[in-house]
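*Asks:* I'd like to ask you about the structure that follows.
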Amino acid sequence: MIDPYEIVGVERSADTATVKSAYRRRAKSLHPDGGGDVERFDRLKTAYELLLDPIRRKVYDDTGYDPALADAVDRKGLLVLETLVNEVLLDEREPGSFDPVAAMRRKLSDEIVSARFHILEMERHRSRVRNHMDRIGRRNGADVLGSMLRSRCDSIGDAITKAEGQIEAIEKAYSMLEGYSYVIESELRNAAE
């Protein structure tokens, strides 16, 4: 997650006047009209807007998250995690009777294994298609079969890239669960005794 305080160059306790002053200083050097980088200026502007909005700032301070400042991998990881949180909320078992954090970790691990297996299968299939391509003789004129097989290889390559991106999002979601634990009811009773 991108830290808006670091981007604007202020402490967490900075008041609105301090934020505005720091923003103006940074904006002068980062503004595209003055030779600055458009992407860095946009990030500065987004961070500034967050720090001026008391509700967004409070949410960021409490959670360390703001959708506008999340990078693509963080957003994808959060979407994966949100699905799992929804599953936990819909689980009919009593809170404290099971460990939802461990269940989420297991589910994410299973999804990673499944996606990696799927990638291996696609790579095996692409290898078979390439092997066929190497063995098919071309006829004169339009190479219809060659075009079809190359297209198939390209499609498989795209699917592999997409699956690798999904693994990256799942791994990010898994890392977001680091440091969390859950106390089960029986553990509370044992601690009380």
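The values are calculated or read from the model by the stated rules, or taken from the named source; none is laboratory data. This is a predicted model, so every value here is computed, not measured. Glycine gets a Cβ as well: all are built from the backbone with ideal geometry, and neighbour counts include every protein chain shown.
*Asks:* Which residues, counting only those in region 89-104, are farther than 15 Å from TYR174 by Cβ and either free of Cβ contacts under 8 Å to residues at least 60 places away in the same chain or not polar (S, T, N, Q) (or both)?
*Replies:* LEU89, LEU90, ASP91, GLU92, ARG93, GLU94, PRO95, GLY96, PHE98, ASP99 - these are the residues of region 89-104 that are farther than 15 Å from TYR174 by Cβ and either free of Cβ contacts under 8 Å to residues at least 60 places away in the same chain or not polar (S, T, N, Q) (or both).
*Asks:* Can you go through ARG126, ARG105, ARG152 and tell me which one is touching a Gly at 6+ places or on another chain (Cβ under 9 Å) and assigned to a helix (DSSP H, G or I)?
*Replies:* ARG126
*Asks:* Here's another thing I want to ask about it. Being surrounded by fewer than 18 Cβ atoms within 10 Å (Cβ to Cβ) and of a type in the set (A, V, I, L, M, F, W, C) is the filter here; which residues of region 41-66 pass it?
*Replies:* LEU52, ILE55, VAL59, listed by residue number.
*Asks:* Another one. Just for region 129-149: of the residues that are assigned to a helix (DSSP H, G or I) and of a type in the set (Gly, Ala, Ser), which one is farthest from LEU79 (Cα to Cα)?
*Replies:* If we take residues in region 129-149 being assigned to a helix (DSSP H, G or I) and of a type in the set (Gly, Ala, Ser), then GLY146 is farthest from LEU79 (Cα to Cα).
*Asks:* What do you reckon, is THR63 among the polar types (S, T, N, Q), modelled with pLDDT under 90 and under 18 Å from the mean Cα position of the chain (by Cα)?
*Replies:* Here the answer is yes, as THR63 does meet what is asked.
*Asks:* Among the residues of region 56-66, which ones are closer than 18 Å to VAL10 by Cα and not in a loop (DSSP other than H, G, I, E, B)?
*Replies:* Across region 56-66, the qualifying residues are ARG56, ARG57, LYS58, VAL59, TYR60, ASP61, ASP62.
*Asks:* To continue, here is another question. Mind checking which residues of region 1-42 are part of a helix (DSSP H, G or I), touching a residue at least 24 places away in the same chain (Cβ under 8 Å) and touching an Asp or Glu at 6+ places or on another chain (Cβ under 9 Å)?
*Replies:* PRO4, TYR5
*Asks:* Criterion first (closer than 30 Å to TYR65 by Cα, surrounded by fewer than 13 Cβ atoms within 10 Å (Cβ to Cβ) and out of contact with any Pro (no Cβ under 7 Å at 6 or more places or on another chain)) does GLY179 satisfy it?
*Replies:* yes
Results for (1) surrounded by 11 or more Cβ atoms within 10 Å (Cβ to Cβ); (2) within 34 Å of the chain's Cα centre (by Cα), shown as yes or no for each residue.
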{"site": "HIS132", "(1), (2)": "yes, no"}
{"site": "ASN140", "(1), (2)": "no, no"}
{"site": "GLY146", "(1), (2)": "yes, no"}
{"site": "ARG150", "(1), (2)": "yes, yes"}
{"site": "ILE156", "(1), (2)": "yes, yes"}
{"site": "GLU164", "(1), (2)": "yes, yes"}
{"site": "ILE167", "(1), (2)": "yes, yes"}
{"site": "ILE170", "(1), (2)": "yes, yes"}
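*Asks:* Does TYR174 satisfy the criteria of being under 29 Å from VAL80 (Cα atoms), of a type in the set (Phe, Trp, Tyr), surrounded by 13 or more Cβ atoms within 10 Å (Cβ to Cβ) and in contact with a Leu (Cβ under 7 Å, 6 or more places away or on another chain)?
*Replies:* In short, yes.
*Asks:* Within region 90-99, does at least one residue satisfy the condition of being of a type in the set (Lys, Arg), closer than 26 Å to THR161 by Cα and assigned by TED's automatic domain parsing to the domain that holds GLU168?
*Replies:* No, the conditions are met nowhere in region 90-99.
*Asks:* Next question, about the same structure. Report whether or not ALA159 is of a type in the set (Gly, Ala, Ser) and at pLDDT below 90.
*Replies:* no
*Asks:* Separate question: Would you check which residues across region 1-36 are closer than 21 Å to ASP74 by Cβ and surrounded by fewer than 16 Cβ atoms within 10 Å (Cβ to Cβ) and list them?
*Replies:* Residues satisfying the conditions are MET1, ILE2, ASP3, GLU6, ARG12.
*Asks:* So, in region 67-93, of the ones that are part of a loop (DSSP other than H, G, I, E, B) and more than 20 Å from the chain's Cα centre (by Cα), which residue ends up surrounded by the fewest Cβ atoms within 10 Å (Cβ to Cβ)?
*Replies:* So, considering only residues that are part of a loop (DSSP other than H, G, I, E, B) and more than 20 Å from the chain's Cα centre (by Cα), the one surrounded by the fewest Cβ atoms within 10 Å (Cβ to Cβ) is GLU92.
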